[in-house]
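Input: a single structure, listed below in structure tokens.
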Amino acid sequence: MNETPPLLSIEGLRTQFRIAQGLISAVDGVSLSVARGRTLGIVGESGCGKSMLSLSIMRLVPPPGRTTEGRVMFDGTDLLGLDAAAMRRIRGNRIGMIFQEPMTSLNPSFTVGDQLIEAMRAHDRTSSKEALRAKAIAGLDRVRIPSAARRLDEYPHQLSGGMRQRVMIAMALSCDPDLLIADEPTTALDVTVQAQILDLLRDLQEQSGMAIILITHDLGVVAEMADEVAVMYAGQVVERATGVDIFDDPQHPYTLGLLGSIPRLEEDRPRLLAIEGAVPAPFALPQGCRFNPRCVFATPSCTETAMTLRPIGAAHEVACQHAPVETMTERAA
Amino acid sequence: MSGAILEVTNLAKHYPVRKGIVRRKLVGSVRAVDGVSFKLMRGETLALVGESGCGKSTTARLVLRLIEPSAGSVYFEGTDITEMGGAPLRRLRRRMQIVFQDPFASLNPRMQVGAILDEPLLLHGMGDADARKARVAQLLDLVGLAPYHANRYPHEFSGGQRQRIGIARALAVEPSLVVCDEPVSALDVSIQAQVVNLLKDLQQRLGLSYLFIAHDLAVVKHMADRVAVMYLGRIVEIGPKDALFATPRHPYTRVLLDAIPRPDPRRAERVAVPGGDLPSPLNPPPGCHFHTRCAFATDRCKTEAPSLREMADGHAVSCHHAESLPEYTVAQAAASSPAAAQRLALYAGRRARAAAVAG
């Protein structure tokens, strides 16, 4: 695909929790990569491990969770091997992160400016207060917040949800990161505001050439943003493809289910194609393929062997023995 | 099945805004809902659509008399409920119920699901203990949950299952009108689809009328028979679903349609969504409220407020320029590729067969 080595490459990452029911793997052997200037979309339902994956990259997994296996190669160094001080220099500086809830990610008792400058000060101990303030205003300008200088002295409750998310983006971008991890950045927002934020992220990426990892449950958002897509289910990647192939050549039944769930404006379907059931709890994973209890294509052999990713086309991998599904012989179901 | 179950006329809710610590001086009012009129027919779904802060949830609460209107009237099944109080209103509440947006906040975490579903029955004095127990089991079955779920607590359920419990609670007392306040906005897309399908099935089986609040027009297209688009407390466009989606007449409706992320990675031209947020309802722009964000605004829009006028059968719009706006079609996402379409059809076929076996 592209010749440049990836900015971030994750290899066989496993993050585990020891709980009453035993040892569970929230992230279970995930390998992914993203290059500079590209966007990797990670898709899946709540509970599939996508947020835990992003926390594992940042080494922010809450205890008792631990990343026990794998490597996170970021620009040539393995983040899992760094000491705490070195990791702090990367976090927020070279890798920025924005979270789903702009309402709760900001401290309600400090002004937007205080919080922005605090974030910058953590990585810049030399600049004067005035210089940082000017930089903060420029940062708010960059995320298209009108009258930025005035907004700087306001409190989070004085801003709308879209504004708060812009402030979070400004904060994440204040140190010009090489990689931005956006965990459901638009899920809590109105569709109009969502469109504005996605548009903003695309423009910022074009200007700065940063890589983006976009985590979402909405394939519509993925279509707007992602160059490459990884579909996750129960802690594992079940399909990897380019942003175009995931829509034109979807292989895994779970991907098909996600596609069928999207209400489309141009179609008049009496019913949406939902995926019945829910993501299994990590301590009660089904035998064999983890999707088999919810899969309409499942056969007895699906309960026997666990599935691993196998190549099915150029830059396209899938973890399903029946893919492509049209090759299955139609039996009485 | 004919006739209006709900008729709302010039409904308004103004919140006073006061300033000062000792002498609380009235400095203005927030017009959260500002003269809204609509009818909801029996067995019909009317969707109220708009951004946060447009007054759609306030309208829903006014309709149920959970808050008191400042002006206007609400007729439910032929009786004016705006002046009603006490026991008659409580009896009426049985006929109108609500499903809330947040399935995590709207269920008492310290009550078992069985008790949550039993409570409305108890309050309305419906049946003895055995009858109520049977009814709870029936309700769980109705929304696709198992009888043993009655002994569990809300935290043991996923978001989609909790929303099913919320729906079962609303249906417990056999209402004829259910107000759904963003029932799927907090859910994953795949779970959204399950709940939308469930709501449609229940409507068919029980002949329910829905007032469906949402901000996502794509979901609305699958749920509603008619759609009302709200902006800053007023309805700016209302009409039958097909007419409204085929020929949206108000610039704001077009903006909402353009903003929906489409599952088409090749969609070439990104539609520019007008910048800025909803203006403050404390100080709405003069003239047409939408003129500050409208691409078609003229001087007339800045001074003269448009009123809702009928353009076609049942399709009304409040825009001075509704006739002269350029033609608009929803940007068509490219059809699914042959491979994707074939696989989705296979999926649908198996899904249907599995449902037939289970049913």
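Summary table below
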| quantity | calculated |
| --- | --- |
| Net charge, residue A:307 excluded, C-beta distance under 15 Å - Lys, Arg +1, Asp, Glu -1 | 0 |
| Charge tally in the Cβ shell below 14 Å around residue B:83, where Lys, Arg are +1 and Asp, Glu are -1, residue B:83 excluded | -1 |
| Long-range HN-HN contacts of residue B:98 with modeled amide H, under 5 Å | B:179 |
| Nearest 10 degrees, 0 to 90: helix A:112-121 Cα axis against chain A principal axis | 80 |
| Under-5 Å amide H pairs with residue A:67, H placed in peptide plane, nonlocal only | A:16 |
| Rg ratio (alpha-carbon, reference 2.2 N^0.38 Å) - chain B | 1.08 |
| Ellipsoid semi-axes in whole angstrom, largest first, where each is sqrt(5λ) of the Cα gyration tensor of the stretch B:172-261 | 24, 16, 12 |
| Net charge contributed by nearby residues that have their C-beta within less than 11 Å of residue A:34 (K/R +1, D/E -1) | -1 |
| Difference of contour (0.36 nm per residue) and Cα-Cα distance, residue B:152 to residue B:329 | 58.8 nm |
| Spin-label zone in the stretch A:207-251 - amide nitrogen under 16 Å from a point set 7 Å from the Cα of residue A:77 along the C-beta vector | none |
| Using a Förster distance of 45 Å, the FRET efficiency for residue A:59-residue B:10 (Cβ separation, nearest 0.05) | 0.15 |
| Computed E for residue A:107/residue B:71 - FRET, C-beta separation, R0 45 angstrom, nearest 0.05 | 0.65 |
| C-alpha center-to-center spacing [the stretch A:1-77, the stretch A:86-137] in angstrom | 24 |
| Chain A - percent relative contact order, Cα under 8 Å, separation 6 or more | 20 |
| Stokes-Einstein D (µm²/s) once Rh is taken as the Kirkwood radius of the protein assembly as shown over alpha-carbon pairs, at 25 °C in 0.890 mPa s | 90 |
| Two-site FRET efficiency, residue B:308 against residue B:280, from Cβ-Cβ distance with R₀ of 22 Å, rounded to 0.05 | 0.45 |
| Shielding score for B:150-158, defined as the mean number of other chain Cβ atoms within 10 Å | 1 |
| Two-decimal ratio, the stretch A:53-208, of alpha-carbon radius of gyration to 2.2 N^0.38 Å | 1.06 |
| Distance histogram in 10 Å bins (all Cα pairs of chain A, percent per bin) | 5, 24, 32, 24, 11, 3, 1, 0 |
| Highest-fluctuation residue, B:340, B:134, B:186 considered, GNM on chain B with Cα pairs under 10 Å | B:340 |
| Debye equation applied to the C-alpha atoms of the stretch A:210-311, log10 I(q)/I(0) at 0.10, 0.20, 0.22, 0.24 Å⁻¹ | -0.31, -1.14, -1.31, -1.44 |
| Exposed-site-free run, longest, chain A (rule: trypsin sites (Lys or Arg not before Pro); DSSP loop; at most 10 other C-beta within 10 Å) | A:126-330 |
| Shape call, the stretch B:71-223: gyration tensor on alpha carbons, a/c limit 1.5 | oblate |
| Karplus-derived 3J(HN,Hα), 6.51/-1.76/1.60, for each residue of the stretch B:17-22, Hz, glycine and proline x | 10, 10, 10, x, 9, 8 |
| For residue B:14, distant residues with modelled amide H under 5 Å away | B:70 |
| 3J(HN,Hα) from dihedral phi, the stretch A:312-323, Karplus parametrisation 6.51/-1.76/1.60, rounded to Hz, x for glycine, proline | 10, x, 5, 6, 9, 10, 9, 10, 8, 6, 8, 6 |
| Cα radius of gyration and Dmax for the stretch B:1-90 (Å) | 15.4, 56 |
| Karplus-derived 3J(HN,Hα), 6.51/-1.76/1.60, for each residue of the stretch A:197-204, Hz, glycine and proline x | 5, 5, 4, 4, 4, 4, 5, 5 |
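None of the figures in this text is laboratory data; all of them are computed from the coordinates on show. Nothing here was measured: the structure is a model prediction, and the numbers come from that model. Neighbour counts are summed over all protein chains in view; Cβ atoms, including those assigned to glycine, are modelled from backbone coordinates with ideal geometry.
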